[in-house]
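Presented below is the structure to which this report refers.
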Amino acid sequence: MVHKIKNCPVSTKDTEVALDIWGKNIHKLQGTQVRTKPKHVEGFKLAIPKELEKFQKDVFMTADIFFVNGIPFFLTLSRKLDFTAVTHLKNRNISSIFTAFKPIYGFYRRRGFRITTVHADNEFGPLQELINDMPAGPSMNLASAREHVPEIERRIRVVKERVRALRCSLLFNKIPALMTIHMVLHAVKMLTNFPTKAGVSATMSPRELLTDESLDYKKHLCQQFGDYCQVHEEDEPRNSQTPRTQGAICMGPSGNAQGGFKFMTLRTCKKITHRAWDEIPMPDTVRDRVNLPGKDQPELLTFTDRKGRPIGEVKPTGVDSAGETQAPQNSEIINDLATQAADEMVATPEAQPNQELELAADDMAISQDEIEPTAPIVEDAAPTAAPMEAQAEPEAIPGVRRSSRAKFQAK
């Protein structure tokens, strides 16, 4: 670049540094961006070894529901193939769960696989009749009470870990529910793009086996989840005065062959799919705009069970919120033990000897009237020891045992 402005305080190096820091000029993009030519879609089919298709013709599937920030998701996992599929549920009604299961069942059928058994928790009992009535449908195997399906429970844990890691990479304090939903979908999709130890192939991922789709940097990895972009609008007519771009947050690849991506617009907070965009460094105003629709969402992800109880949020005993160890309340513990011991003494026969000891101690108590006055003390006089006289035995009280010890009157 040649500097053509005389006496300009901004050098060519300054403009290059500014471009690296602030990115492209948003106003220039909104005013001058032109429509780009769509990419040509090429047909491609991944060759799968025949022995793999024959070996895994029948599929044993496990299923369960998990919750992220109170949003339900339906997760399925096939044994041997080790393919994970997730669907967002509007609610936990039987019709919604069955509606989410039918596309998954058809997805396996189109690939030449047949689901023979669906293993799930006992809460899927009402769904059993609907699945069994499907043409050539699978059989439903339900777990017993207080029993779970280990494979799907372990996969749910892995999905939660990936979602938590993705959430920590975002620069927002709170995110809308729409971003939370697509964050879970994106994490599961990326999880199936790599071979697993439990799979049938050490070189082919579960997604390659079932979709003929392999990872492509330009189509799937060129933009990260949560990036700020100016997406190119396709509004008609093209010669209007409306901006040619709008700000949006990336929510991962759309999955089409052209390499489109999903975005959440900053203006309406709705999902759109576009094929052309420009990445822009994120200013604070964009972060505040994303935090605004997410103000009703928790700052950290919350995982709950079907009854809404938090999972894995157990506070250790003896530790306060500041992380300092609290001393146990010994006085309360001693009082409780003393109360318990007193109750046991009253309720059990072993307490009778203790009562006798108390009565004997009372008998040994000396009153002021029983003490005879002593002579005044005289200096240089040797003290004389007065003989101890035995005290007369008091009258016996019926029903009360007296101590056999001899009692003496103090002089």
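The values are calculated or read from the model by the stated rules, or taken from the named source; none is laboratory data. A quick note: this is a predicted structure, and the numbers were derived from the prediction, not measured. Here the Cβ is made from the backbone with ideal geometry for all residues, glycine too, and neighbour counts use every protein chain on show. Surface accessibility is based on the protein's heavy atoms, side chains included, excluding ligands, DNA and RNA. Shrake-Rupley method; radii C 1.70, N 1.55, O 1.52, S 1.80 Å.
General observations
- Hull-based mean projected area of segment 121-189, where the convex hull spans the alpha carbons, in square nanometres: 6.8 nm²
- Extension reserve of the Leu215-Gln30 stretch, reckoned as 0.36 nm per residue once the Cα distance is removed: 63.4 nm
- Net charge, Ser144 excluded, C-beta distance under 13 Å - Lys, Arg +1, Asp, Glu -1: -2
- Cross-link table Lys57/Lys189; Lys80/Lys102; Lys39/Lys189; Lys4/Lys37; Lys24/Lys271; Lys39/Lys197, entries beyond 31 Å C-alpha to C-alpha: Lys4/Lys37; Lys39/Lys197
- Long-range amide H partners of Thr302 with built H, under 5 Å: Asn69
- Working note: Karplus 6.51/-1.76/1.60 with θ = phi - 60° gives segment 105-112 the couplings 5, x, 4, 5, 5, 5, 8, x Hz, where Gly and Pro are set to x.
- Between segment 197-220 and segment 128-194, the alpha-carbon center distance in angstrom: 19 Å
- Other residues with beta-carbon under 15 Å from the beta-carbon of Thr87 carry, at +1 per Lys or Arg and -1 per Asp or Glu, a net charge of +4.
- Sum of side-chain charges, Phe263 neighbourhood, beta-carbon under 10 Å (Lys, Arg +1; Asp, Glu -1): +2
- The listed residues Trp277, Trp22, once ranked by accessible area (1.4 Å probe) with the largest placed first, stand as Trp22, Trp277.
- With R₀ fixed at 25 Å, the C-beta to C-beta distance from Glu129 to Arg309 puts the FRET efficiency at about 0.30.
- Segment 193-314 shape via C-alpha gyration tensor axes, a/c threshold 1.5: oblate
- Highest average packing first - 69-78, 190-199, Cβ atoms within 10 Å: 69-78, 190-199
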